[in-house]
Amino acid sequence: MDHASPPSNARHRLRLAGALELSPSIEKHPINIRERYGHFINGEFVPGQGDESFATVNPATGEPLAQVAAGTEADVDAAVAAARKAHDEVWSKLSGLERGKYIYRIARRLQERGREFATLESTDNGKPIRETRDVDIPLAAAHFFYYAGWADKLRYATRGAAANPSSLGVAGQVIPWNFPLLMLAWKIAPALATGNTVVLKPAETTPLTAMLFAELLQEVDLPPGVVNIVNGAGATGSHVVSHPGVDKVAFTGSTQVGRAIMRAIAGSGKKATMELGGKGANIVYADASLDQAVEGCVDGIFFNQGHVCCAGSRLLLEESIADEFIARLKRRVETLRVGDPLDKNTDVGAINSKGQLATIERYLEIGREEGATVWQGAACQKPDAGYFVLPTILTGVQQSDTVVREEIFGPVLACLTFRTPDEAIRKANDTEYGLACGVWSEKTAKVFRTAHALNCGVVWANGYNLFDPASPFGGVRHSGFGREGGIAGLWPYLKA
Ligand code: NAD
Ligand code: MG
């Protein structure tokens, strides 16, 4: 038996506390990948109006999976026109109760086809099947269940101003590749609950679960045009957010692209939410339960290969426990299995793309040049084919180092030490980002004092990467603005 299994399973159970398990009677569909994909516009799969296309690959092998159309301005025009018509004539006219029924159907169907979505996501993205099966897909379904419940209760969502707050119109949504279906759910569920219609652009390296989701929308008979999906890369995304027919922009991705989008929509009157990068710190005090903290820090950075905006990519250790903690951390990391995303024993899967692999390797090189000690470990060798990085721990680094300041977005943990809580807080806040942090201590007062002083959107206490659809998520400073999840996730989609 794999000796790494019990702690890994425990951490997945932990992350799912309060969320939904996939139904035990999951349909075991084999996955069915088409040779070519176009777009999903006005309820139909269409080939797209341009000639350009790109391949999406399986990052565990480097082999292409399918050819995908690059959406043109004309494709985006058609999608926005369909969304506008569906908004004005159908979706905004339905009662909240009726909208909610559709959203519940989407949620249930996602659960029923969960195994198929999980397999497809792991194939296109590279993340371990245990994560897609136990985290990504159930949480995506949970978001639809949660927001379905809000659809007929919107009068309680805003603070007094409007007795029945109304939708904004067409939402233009652009999402990243690290949680493709989950980010789609975070975007589409609140938009539909509030009566908005959607033009969504998936990330170019992970379009496949969005296309399967479009099939599911046909199955549940969602009225045509309510959700439109246009494939493509940055240029297509830029057409979506800049389109004059789009009333609200929702973006998740890098800080750099977030800035470009804000410049593009400046003065347009569009509402926007930005979920951008991060450089989260896990602060471990000497009085923490060290076993629990080791588990949380491993999860904080190696979950999803570290392709997590809120990853705990910096570890701040109280000096008196630093050596012992790093030794324990390395022992634990040596039990992680790196490899085939579709093997249920895999803990760390493939890096999503060749480009991201090159970025991570470049950061490791910079780290070495700046004097870091680079340690890598795992229970098995990294596979020869595909894009893989072994779990990496950097020691001998300081605040001013590039690897401590910049987002690497890979399985790389930078370790620093502190002597006092004030020093821990100062170091944790010494970043241009402000998305998430973790605090580990058995002393409640210390946890709260530290949490209040941290300048970020989310703080986890004695845990990490815990998500719940009822809980708002989002950042401050260069990590963005606006919240997704919970009641706060409705506000950006409503005329309050
Ligand atoms: P990215 O910014 O390069 O791409 C994100 C999306 O934006 C993709 O769909 C891409 O095609 C599109 N895009 C690129 N240029 C565009 C433009 N000019 N106009 C409109 N759309 C454009 O980021 P990525 O590499 O896909 O994702 C990784 C980044 O996303 C990391 O920095 C990570 O921290 C961040 N992220 C943040 C959150 C969050 O909730 N805060 C969640 C996941 C990822
Ligand atoms: Mg892919």
Practice problem: Return yes when Asn465 is polar (S, T, N, Q) and more than 30 Å from Ala148 (Cβ to Cβ) and no when it is not. | Solution: no
Practice problem: List the number of the failed condition for Thr132; all other conditions in (1) touching a strand residue (DSSP E or B) at 6+ places or on another chain (Cβ under 8 Å); (2) outside any loop (DSSP other than H, G, I, E, B); (3) under 30 Å from Thr346 (Cβ atoms) hold. | Solution: (1)
Exercise. Can you give me the number of residues within segment 431-483 that are β-branched (Val, Ile, Thr), open to solvent by less than 10 Å² (accessible area, probe 1.4 Å) and touching a Cys at 6+ places or on another chain (Cβ under 9 Å)?
Key: 1
Quiz prompt | Unmet requirement for Gly267, which otherwise passes all of (1) open to solvent by 10 Å² or more (accessible area, probe 1.4 Å); (2) away from ligand 2 (no atom under 16 Å from the Cβ); (3) in contact (Cβ under 8 Å) with a residue 12 or more places away in the chain; (4) more than 30 Å from Asn462 (Cα to Cα) | solution = (3)
Practice problem: Test Ala82 against the stated conditions and say whether it is free of Cβ contacts under 8 Å to residues at least 40 places away in the same chain, in contact with a strand residue (DSSP E or B) (Cβ under 6 Å, 6 or more places away or on another chain) and not hydroxyl-bearing (Ser, Thr, Tyr). | Solution: no
Quiz item: Mind checking whether some residue in segment 386-405 is of a type in the set (Asp, Glu) and under 19 Å from Gly280 (Cβ atoms)?
Solution: yes
Quiz item: What pairs can you find where one residue is in segment 172-195 and under 17 Å from Cys310 (Cβ atoms), the other is in a loop (DSSP other than H, G, I, E, B) and among the hydrophobic types (A, V, I, L, M, F, W, C), and their Cβ atoms are less than 6 Å apart, with a gap of 6+ or different chains?
Solution: Pro176/Ala203; Trp177/Ala203; Met183/Ile175
Quiz item: Looking at segment 246-260, is at least one residue open to solvent by less than 10 Å² (accessible area, probe 1.4 Å), more than 10 Å from ligand 1 (Cβ to nearest atom), more than 22 Å from Asp136 (Cα to Cα) and part of a loop (DSSP other than H, G, I, E, B)?
Solution: yes
Quiz item: Quick check: is even one residue across segment 100-118 within 16 Å of ligand 2 (Cβ to nearest atom), modelled with pLDDT of 95 or more and within 22 Å of Gly306 (Cβ to Cβ)?
Solution: yes
Self-check item: Where a residue in segment 218-239 is within 12 Å of Ile41 (Cβ to Cβ) and its partner, wherever it lies, is of a type in the set (D, E, K, R) and assigned to a strand (DSSP E or B), with Cβ under 9 Å and at least six apart
Solution: Pro224/Glu44; Ile229/Lys201; Val230/Lys201; Asn231/Lys201
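The values are calculated or read from the model by the stated rules, or taken from the named source; none is laboratory data. As the structure is a computational prediction, the values presented were derived from the model and not from experiment. In this analysis, Cβ positions are derived from the backbone assuming ideal geometry, glycine residues included, and neighbour counts consider all displayed protein chains. Areas reflect the complete protein model, heavy atoms only, side chains present, ligands, DNA and RNA absent. Shrake-Rupley method; radii C 1.70, N 1.55, O 1.52, S 1.80 Å.
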